[in-house]
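Everything below concerns the one structure shown next.
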Amino acid sequence: MDKKKINCPVEITLAIIGSKWKVLILRELMDGTKRFSELGRGVDGITQKMLTAQLRQMEKDDIVSRKVYPVVPPRVEYSLTKTGKSLVPVLNAMCRWGSAYKKP
């Protein structure tokens, strides 16, 4: 995402986390570091291809870090960066809002 071309802070936020999948990936990573397969199981309905694409974009946007361990078979772990962790209050607010909205 080219942050320089967007002036509105809300639009910047949506450009970074505005997809259904990114928010759900963030939700999974709020609890700590996860492997690719754990993320796939935690985000119901996401394909491997989509998970890979979303994680790559989130890594590019400095929201997620990827750590590869030199073992066979390869082991890759994902975690939130400092910038990603700064989104936790936003996700918590979304959770509170969703819970309040869901109540009859």
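Structural remarks
- The stretch 71-104: number of residues that are among the aliphatic types (A, V, I, L, M), farther than 14 Å from Thr33 by Cβ and not in a loop (DSSP other than H, G, I, E, B): 6
- Residue match in the stretch 76-84 (condition: polar (S, T, N, Q), surrounded by 13 or more Cβ atoms within 10 Å (Cβ to Cβ), in contact with a strand residue (DSSP E or B) (Cβ under 7 Å, 6 or more places away or on another chain) and at pLDDT 95 or above): yes
- Sole residue being aliphatic (A, V, I, L, M) and closer than 17 Å to Thr83 by Cα, chosen from Ile16, Ile46: Ile16
- Residues (touching a helix residue (DSSP H, G or I) at 6+ places or on another chain (Cβ under 8 Å), of a type in the set (D, E, K, R) and modelled with pLDDT of 90 or more) located in the stretch 1-43: Lys22, Arg27, Glu28, Lys34, Glu38
The values are calculated or read from the model by the stated rules, or taken from the named source; none is laboratory data. Given the structure is predicted, the values throughout are model-derived calculations rather than measurements. Note that each Cβ is placed from the backbone with ideal geometry, even for glycine, and that neighbours are counted across all protein chains shown.
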